[in-house]
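One structure is given here, and the rest of the page talks about it.
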Amino acid sequence: DYTTAKWLGRAGVPVLLVGDTAAEMTLGLPGTIHCPLDILLALTAAVKRGAPDCLIMGDMPFMSYQASDEEAVRNGGRFLTEGLADAVKLEVDASWAGLVKKLDRAGVPVVAHIGSRPQRVKHDGGYRSAGRTAAQAKQIIEDALRMEDAGASMLLIEAVPEEVAQAVVEQTTVP
(Lines give C-alpha, C1' and ligand atoms only; values in the text may rest on other atoms or scores of the structure.)
Protein backbone atom coordinates (compact mmCIF):
# COMPACT_ATOMS: atom_id res chain seq x y z
CA ASP A 1 0.00 0.00 0.00
CA TYR A 2 0.98 3.67 -0.23
CA THR A 3 2.07 4.06 3.39
CA THR A 4 4.13 0.86 3.54
CA ALA A 5 5.77 1.74 0.22
CA LYS A 6 6.61 5.19 1.51
CA TRP A 7 8.44 3.75 4.51
CA LEU A 8 10.20 1.07 2.46
CA GLY A 9 11.33 3.68 -0.07
CA ARG A 10 12.67 5.90 2.70
CA ALA A 11 14.53 2.89 4.12
CA GLY A 12 16.33 2.44 0.80
CA VAL A 13 14.61 -0.68 -0.50
CA PRO A 14 15.29 -0.49 -4.26
CA VAL A 15 12.62 -2.85 -5.66
CA LEU A 16 9.04 -3.47 -4.54
CA LEU A 17 6.66 -6.14 -5.82
CA VAL A 18 2.94 -5.54 -5.66
CA GLY A 19 1.87 -9.16 -5.64
CA ASP A 20 -1.29 -11.14 -6.14
CA THR A 21 -0.85 -12.27 -2.54
CA ALA A 22 -2.89 -9.12 -1.84
CA ALA A 23 -5.88 -11.37 -2.58
CA GLU A 24 -5.21 -13.22 0.68
CA MET A 25 -3.48 -10.57 2.77
CA THR A 26 -5.54 -7.49 1.90
CA LEU A 27 -8.84 -8.79 0.56
CA GLY A 28 -9.25 -11.92 2.70
CA LEU A 29 -9.72 -14.17 -0.31
CA PRO A 30 -8.81 -17.88 -0.18
CA GLY A 31 -5.88 -17.79 -2.64
CA THR A 32 -3.74 -15.70 -4.92
CA ILE A 33 -5.65 -16.73 -8.05
CA HIS A 34 -8.64 -14.71 -6.82
CA CYS A 35 -6.92 -11.31 -7.05
CA PRO A 36 -8.77 -9.00 -9.45
CA LEU A 37 -6.67 -7.23 -12.07
CA ASP A 38 -8.22 -3.84 -11.35
CA ILE A 39 -7.38 -4.13 -7.65
CA LEU A 40 -3.74 -4.91 -8.44
CA LEU A 41 -3.58 -1.98 -10.85
CA ALA A 42 -4.86 0.39 -8.14
CA LEU A 43 -2.52 -1.05 -5.50
CA THR A 44 0.46 -0.86 -7.85
CA ALA A 45 -0.23 2.81 -8.60
CA ALA A 46 -0.56 3.53 -4.86
CA VAL A 47 2.79 1.85 -4.18
CA LYS A 48 4.48 3.86 -6.95
CA ARG A 49 3.07 7.08 -5.50
CA GLY A 50 4.40 6.07 -2.09
CA ALA A 51 7.84 5.07 -3.35
CA PRO A 52 8.43 6.96 -6.60
CA ASP A 53 12.17 6.26 -6.65
CA CYS A 54 11.80 2.47 -6.29
CA LEU A 55 11.50 0.03 -9.16
CA ILE A 56 7.92 -1.18 -8.88
CA MET A 57 6.88 -4.59 -10.23
CA GLY A 58 3.20 -5.21 -10.90
CA ASP A 59 2.26 -8.86 -10.56
CA MET A 60 0.06 -9.92 -13.45
CA PRO A 61 -2.66 -11.95 -11.76
CA PHE A 62 -4.11 -15.27 -12.79
CA MET A 63 -5.81 -15.14 -16.20
CA SER A 64 -4.54 -11.63 -16.99
CA TYR A 65 -2.01 -13.09 -19.44
CA GLN A 66 -2.85 -16.76 -19.92
CA ALA A 67 -5.90 -16.45 -22.22
CA SER A 68 -4.19 -14.77 -25.18
CA ASP A 69 -1.04 -12.90 -26.08
CA GLU A 70 -3.10 -9.89 -27.18
CA GLU A 71 -4.85 -9.67 -23.83
CA ALA A 72 -1.52 -10.11 -22.04
CA VAL A 73 0.09 -7.23 -23.95
CA ARG A 74 -2.94 -5.03 -23.29
CA ASN A 75 -2.92 -5.86 -19.57
CA GLY A 76 0.83 -5.42 -19.36
CA GLY A 77 0.41 -1.98 -20.88
CA ARG A 78 -2.27 -1.19 -18.30
CA PHE A 79 0.23 -1.95 -15.54
CA LEU A 80 2.59 0.66 -17.00
CA THR A 81 -0.03 3.32 -17.70
CA GLU A 82 -2.73 2.91 -15.03
CA GLY A 83 -0.64 1.05 -12.47
CA LEU A 84 2.46 3.23 -12.91
CA ALA A 85 4.59 0.06 -12.76
CA ASP A 86 8.14 -0.04 -14.03
CA ALA A 87 7.84 -3.73 -14.95
CA VAL A 88 5.36 -6.60 -14.84
CA LYS A 89 5.94 -9.99 -13.26
CA LEU A 90 4.66 -13.18 -14.88
CA GLU A 91 4.90 -16.74 -13.56
CA VAL A 92 6.42 -18.56 -16.53
CA ASP A 93 8.53 -21.37 -17.85
CA ALA A 94 10.31 -21.75 -21.18
CA SER A 95 7.01 -22.32 -23.01
CA TRP A 96 6.08 -18.64 -22.39
CA ALA A 97 9.09 -17.25 -24.29
CA GLY A 98 6.93 -16.09 -27.21
CA LEU A 99 4.72 -14.00 -24.95
CA VAL A 100 7.69 -12.50 -23.12
CA LYS A 101 9.13 -11.54 -26.51
CA LYS A 102 5.84 -9.87 -27.52
CA LEU A 103 5.67 -7.92 -24.26
CA ASP A 104 9.28 -6.83 -24.66
CA ARG A 105 8.64 -5.74 -28.26
CA ALA A 106 5.63 -3.73 -27.05
CA GLY A 107 7.85 -1.94 -24.51
CA VAL A 108 6.62 -3.76 -21.40
CA PRO A 109 9.58 -4.77 -19.21
CA VAL A 110 9.09 -8.32 -17.90
CA VAL A 111 10.26 -9.94 -14.69
CA ALA A 112 10.14 -13.68 -15.38
CA HIS A 113 9.07 -15.57 -12.24
CA ILE A 114 10.52 -19.09 -12.47
CA GLY A 115 10.85 -22.04 -10.10
CA SER A 116 7.88 -22.52 -7.82
CA ARG A 117 4.85 -20.74 -9.30
CA PRO A 118 2.00 -20.13 -6.83
CA GLN A 119 -0.62 -19.48 -9.54
CA ARG A 120 -0.28 -23.18 -10.42
CA VAL A 121 -0.88 -24.42 -6.87
CA LYS A 122 -4.26 -25.98 -7.73
CA HIS A 123 -2.80 -27.60 -10.85
CA ASP A 124 0.27 -28.91 -9.02
CA GLY A 125 -1.58 -30.17 -5.93
CA GLY A 126 -0.22 -27.67 -3.44
CA TYR A 127 2.71 -25.41 -2.74
CA ARG A 128 5.99 -27.11 -3.61
CA SER A 129 9.61 -26.17 -3.90
CA ALA A 130 11.15 -26.59 -7.34
CA GLY A 131 14.47 -27.75 -8.70
CA ARG A 132 15.02 -30.56 -6.20
CA THR A 133 15.96 -33.18 -8.80
CA ALA A 134 18.68 -32.89 -11.42
CA ALA A 135 16.06 -32.82 -14.19
CA GLN A 136 14.05 -30.09 -12.46
CA ALA A 137 17.21 -28.05 -11.82
CA LYS A 138 18.20 -28.34 -15.48
CA GLN A 139 14.69 -27.20 -16.52
CA ILE A 140 14.79 -24.14 -14.26
CA ILE A 141 18.15 -23.12 -15.72
CA GLU A 142 16.73 -23.63 -19.23
CA ASP A 143 13.66 -21.57 -18.29
CA ALA A 144 15.94 -18.73 -17.12
CA LEU A 145 18.02 -18.81 -20.29
CA ARG A 146 14.91 -18.84 -22.51
CA MET A 147 13.39 -15.92 -20.60
CA GLU A 148 16.59 -13.91 -20.93
CA ASP A 149 16.75 -14.68 -24.66
CA ALA A 150 13.09 -13.62 -25.02
CA GLY A 151 13.85 -10.23 -23.49
CA ALA A 152 13.06 -10.58 -19.78
CA SER A 153 14.58 -7.65 -17.89
CA MET A 154 14.90 -9.51 -14.61
CA LEU A 155 14.34 -12.95 -13.07
CA LEU A 156 12.50 -13.82 -9.87
CA ILE A 157 13.45 -17.31 -8.71
CA GLU A 158 11.16 -18.84 -6.07
CA ALA A 159 11.66 -21.81 -3.75
CA VAL A 160 14.63 -23.50 -5.38
CA PRO A 161 17.79 -24.89 -3.76
CA GLU A 162 20.59 -22.37 -3.36
CA GLU A 163 22.73 -24.29 -5.85
CA VAL A 164 20.08 -23.97 -8.55
CA ALA A 165 19.65 -20.25 -7.95
CA GLN A 166 23.42 -19.81 -8.06
CA ALA A 167 23.62 -21.70 -11.37
CA VAL A 168 20.96 -19.38 -12.84
CA VAL A 169 22.85 -16.31 -11.62
CA GLU A 170 26.10 -17.61 -13.13
CA GLN A 171 24.55 -18.46 -16.49
CA THR A 172 22.44 -15.35 -17.08
CA THR A 173 23.25 -11.66 -17.29
CA VAL A 174 19.97 -10.07 -16.11
CA PRO A 175 19.39 -9.27 -12.44
Which length gain, in nm to one decimal place, applies between Val15 and Gln136 when the Cα-Cα distance is subtracted from 0.36 nm times their residue separation?
40.7 nm
For Ile39, Ile114, give the ranking by accessible area with the largest first, probe 1.4 Å.
Ile39, Ile114
Total formal charge among the other residues, if their Cβ is under 14 angstrom from that of Leu37, Lys/Arg +1 and Asp/Glu -1
-2
Okay, helix-only estimate at 222 nm for the chain: each DSSP H run of n ≥ 4 adds -39500 (n - 2.57), divide by all residues, round to 500 deg cm²/dmol; what do you get?
-13500 deg cm²/dmol
Taking Cα atoms only, helix 37-50 is inclined relative to the longest principal axis of the chain by an angle, in degrees rounded to 10, of 70
To the nearest 10 Å², what's Thr26's accessible area with a 1.4 Å probe?
100
For helix 134-150, what angle does its Cα long axis make with the longest principal axis of the chain, in degrees from 0 to 90 and rounded to 10?
50
What are the lysines whose alpha-carbon lies under 29 Å from the alpha-carbon of Lys48, with same-chain residues fewer than 8 places away excluded?
Lys6, Lys89, Lys101, Lys102
With Kirkwood's inverse mean 1/r over C-alpha pairs for Rh, give me the Rg to Rh ratio of the chain, two decimals please.
0.95
Folded to 0 to 90 degrees: helix 69-81 orientation relative to the chain principal axis, Cα
40
Choose one answer from Glu142, Glu163, Glu91: the residue with the largest mean-square fluctuation in a GNM of the chain with alpha-carbon springs under 10 Å.
Glu163
Around Glu142 (Cβ within 12 Å, Cβ-to-Cβ, excluding Glu142; K/R +1, D/E -1) the net charge comes to -2
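The values are calculated or read from the model by the stated rules, or taken from the named source; none is laboratory data. Here the structure is a predicted model, which is why all the values come from computation and not from measurement. Cβ sites come from the backbone with ideal geometry, for glycine too, and all protein chains shown count toward neighbours. Areas reflect the complete protein model, heavy atoms only, side chains present, ligands, DNA and RNA absent. Shrake-Rupley method; radii C 1.70, N 1.55, O 1.52, S 1.80 Å.
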